[in-house]
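Here the structure is laid out as structure tokens; the discussion comes afterwards.
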Amino acid sequence: MKKIEDFGIRVPEILLPKNIDVKSWSVIACDQYTQDLDYWKKAEAAASGKPSTLNLILPEVYLNSPDKAERIGKIRETMKSYLEEGVFDSPRKSMIYIERKTAFGRMRRGLVTQIDLETYEWKPFSKANIRATEATIVERIPPRMEIRRGAALELPHIMLLVDDKDDLLIGGAGKLVKGKTPVYDGELMCKGGSITGWAVESDDEISAVTDAVSKIADANRAPDGSTFLFAVGDGNHSLATAKAVWDEHKEKLLAQGADEAALKECPVRYALVEIVNIYDTGLTFEPIHRVIFDCDVKSLILYLADKLEGSISEISSAAELDAAVKASAASFGFAYKLDGEQKYVLLKTGIKELAVARLQPEIDSFLKSSTKIDGKAPEIDYIHGNEEVLKLGERDNAVGILLPPIAKDSFFETINGRGPLPRKSFSMGEADEKRFYLECRKLF
């Protein structure tokens, strides 16, 4: 009979505060609001004077701050003091089934557990159980290693996606535990919505989770025997950092004579994550659009039409262009100004996989060979929200490119066949819907 460990999952020992006050304890993922210091000042006010995960993380708005080292030192001290001064209740060997209601009226369900970093790989065309969804920027890993290396505690904002049309895993866990008393329940700070969590811990509950994962693995097994079980939805660089820290620590353990059994028991080998069903109705996938400044717009559109084997048609208004792109999984919209006149163009293609996987490499190729306009080299930016893209497309020598909706049905298939998606391919929900830190686990 299969064990949950056979799938790269292990039941974690969860740490939660005694008499938990969710609104002051829980704070949004550190990689959100990276240009909005006011948000983090509001979070500080909400957590003021109380134990909070805000005191255990480094918001990335401060990643390049002159006092970064001092902040990291303070985080380390706070982690130790929380452990030593009785902030936490006794460790609970448990997964956590959660229901997160957002300020946008959506409810997302998930399962918090820990994964074996030996079963994860971010490099392209990996056959690991857990794979990256977007290109990993190697330069972003070392600064994050400074924070995780030697940290007494781990807090998760990593979200893994599972291809589970029958909702066996998350929905099944919810059915098992919803009748029990929650381990936490409350409103989240700064318009984050609310969250409730239930322990998944009995032998029968863990057995049911194992059975669900086994069925999903069987359904996603490739002819070569590899299984694409989970895709990293959020926190790609955080998980890559956890892997890098483990690889580094493992070398030290091996040099000290550690055997495989000792390696398996090392907490650094694992990472806390939340697993979410990609088909969860509360999980929205939003495309991240492109805007290119200082480029030969007409040449770009003709180039893309040729490379993507598409057909071009003019659209009469921004609203019609927006609607046409949203109605197709394989069309792109272009908004630009030519000779003082606003233009809207639709590029229809026959692309079957996720459209951004085909588009971005061709944009990169065009920009590499582009000449300067008025002394300026072309630049690309990545924009959330259709209205902003269309507005930026009104500037001279600029083009806003609307991308079609992300098709959940082809998500895993595209990554399995083409490797990780290009940078800035999609966003899972709005910023306020991102994961909040709540559960902790001892690390070093």
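The values are calculated or read from the model by the stated rules, or taken from the named source; none is laboratory data. Please read these numbers as outputs of a predicted model, since none were measured by experiment. FYI the Cβ positions are ideal-geometry reconstructions off the backbone, even for glycines, and counts take in every protein chain you see. Ligands, DNA and RNA are excluded from the accessible area calculation, which covers all protein heavy atoms including side chains. Shrake-Rupley method; radii C 1.70, N 1.55, O 1.52, S 1.80 Å.
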Mean Cβ-within-10 Å packing, highest first, puts peptides 4-14, 210-220 in the order 4-14, 210-220
In the neighbourhood of residue 83 defined by beta carbon distances under 14 Å, the net charge of the other residues (Lys, Arg +1; Asp, Glu -1) is -1
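Rounded, prolate or oblate: pick one for region 54-106, where a ≥ b ≥ c are the square roots of the eigenvalues of its C-alpha gyration tensor, a/c under 1.5 means rounded, and failing that, prolate if a/b is larger than b/c, else oblate.
Details: a/c = 3.41, a/b = 1.23, b/c = 2.77.
Judged from the Cα gyration tensor, region 54-106 comes out oblate (a/c at least 1.5, b/c at or above a/b).
For residue 261, what is the net charge nearby, where nearby means another residue's Cβ is under 15 Å from its Cβ and Lys, Arg count +1, Asp, Glu -1?
Details: positive: 10, 250, 264, 269; negative: 5, 116, 118, 259, 260, 265.
Here the charged neighbours net out to -2.
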Karplus-derived 3J(HN,Hα) from phi for region 372-386 (6.51 cos²θ - 1.76 cosθ + 1.60, θ = phi - 60°), whole Hz, x at Gly and Pro, runs 6, 10, 6, x, 10, 7, x, 10, 10, 10, 10, 10, 8, x, 5
Counting only protein heavy atoms and rolling a 1.4 Å probe, one gets per residue an accessible area for region 1-109 in Å² of 53 Å²
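For region 289-391, rounded, prolate or oblate, judged on the Cα gyration tensor with a ≥ b ≥ c (square roots of eigenvalues), a/c < 1.5 rounded, else prolate if a/b > b/c? Provide the component values of the computation, followed by the final result.
Working: a/c = 1.56, a/b = 1.18, b/c = 1.32.
Oblate.
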Here region 252-258 yields Karplus 3J(HN,Hα) values (6.51, -1.76, 1.60; θ = phi - 60°; whole Hz; Gly and Pro given as x) of 5, 5, 5, 5, 8, x, 5
1/(1 + (r/R0)^6) with r = Cβ-Cβ of residue 218 and residue 264, R0 = 22 Å, i.e. FRET efficiency to nearest 0.05, evaluates to 0.35
Candidates 294, 234, 432; GNM for the chain (alpha-carbon contacts under 10 Å) flags as most fluctuating 294
Rounded to whole angstrom, the alpha-carbon centroid of region 49-86 lies from that of region 345-375 at a distance of 42 Å
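With a ≥ b ≥ c taken as the square roots of the eigenvalues of the C-alpha gyration tensor of region 199-241, please select rounded if a/c is under 1.5 and otherwise prolate if a/b is larger than b/c or oblate if it is not?
Numbers: a/c = 3.36, a/b = 1.16, b/c = 2.89.
Verdict is oblate for region 199-241.
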Excluding ligands, DNA and RNA, the carbon-plus-sulfur percentage of the accessible area of region 247-326 with a 1.4 Å probe reads 50 percent
Taking only protein heavy atoms and a 1.4 Å probe, the highest-to-lowest accessible-area order of 1, 79 is 1, 79
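Please give the net charge around residue 51, taking every other residue with its beta carbon less than 10 angstrom from that of residue 51, where Lys and Arg add +1 and Asp and Glu add -1.
Once positives and negatives cancel, what remains is 0.
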For region 319-370, dividing by residue count, accessible area per residue (probe 1.4 Å) in Å² works out to 44 Å²
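Ignoring ligands, DNA and RNA, what percent of the accessible area of region 339-444 is carbon or sulfur (1.4 Å)?
Numbers: 2060 of 4910 Å².
Heavy-atom surface of region 339-444 belonging to carbon and sulfur, 1.4 Å probe: 42 percent.
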Rounded to the nearest 10, the angle in degrees between the Cα long axis of helix 68-84 and the longest principal axis of the Cα atoms of the chain comes to 30 degrees
With the label point 7 Å along the Cα-to-beta-carbon line of residue 34 and a cut-off under 15 Å to each amide N, the hits in region 359-389 are 381-384
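Under the rule of -39500 (n - 2.57) per DSSP H run of 4 or more residues, summed and divided by the residues of the chain, what mean residue ellipticity at 222 nm is obtained, to the nearest 500 deg cm²/dmol? Before the final figure, lay out each step's value.
Numbers: 13 runs with 139 residues, N = 444.
Using -39500 (n - 2.57) per qualifying helix, the result is -9500 deg cm²/dmol.
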The alpha-carbon center of region 98-134 and that of region 197-223 are separated, in whole Å, by 15 Å
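Could you pull out the pairs from 215/424; 3/352; 68/123; 80/243; 3/165 whose alpha carbons sit more than 27 Å apart here? Please list the in-between numbers first.
On the way: 215/424 32 Å; 3/352 37 Å; 68/123 29 Å; 80/243 23 Å; 3/165 23 Å.
With Cα atoms farther than 27 Å apart: 215/424; 3/352; 68/123.
Extension gain residue 194-residue 326, at 0.36 nm per residue separation less the Cα-Cα distance, in nm?
Values: separation 132, 0.36 × 132 = 47.52 nm, distance 3.00 nm.
Between residue 194 and residue 326, full extension yields 44.5 nm more.
Report the relative contact order of the chain, percent, no decimals, based on alpha-carbon pairs under 8 angstrom and at least 6 residues apart.
Numbers: 868 pairs, mean separation 103.5, N = 444.
Worked out over the chain, it gives 23 percent.
Please compute the contact order of region 183-303 in relative form: average sequence separation of alpha-carbon pairs under 8 Å and at least six residues apart, divided by the residue count, as a percent. The partial results should precede the final answer.
Numbers: 42 pairs, mean separation 12.8, N = 121.
The value is 11 percent.
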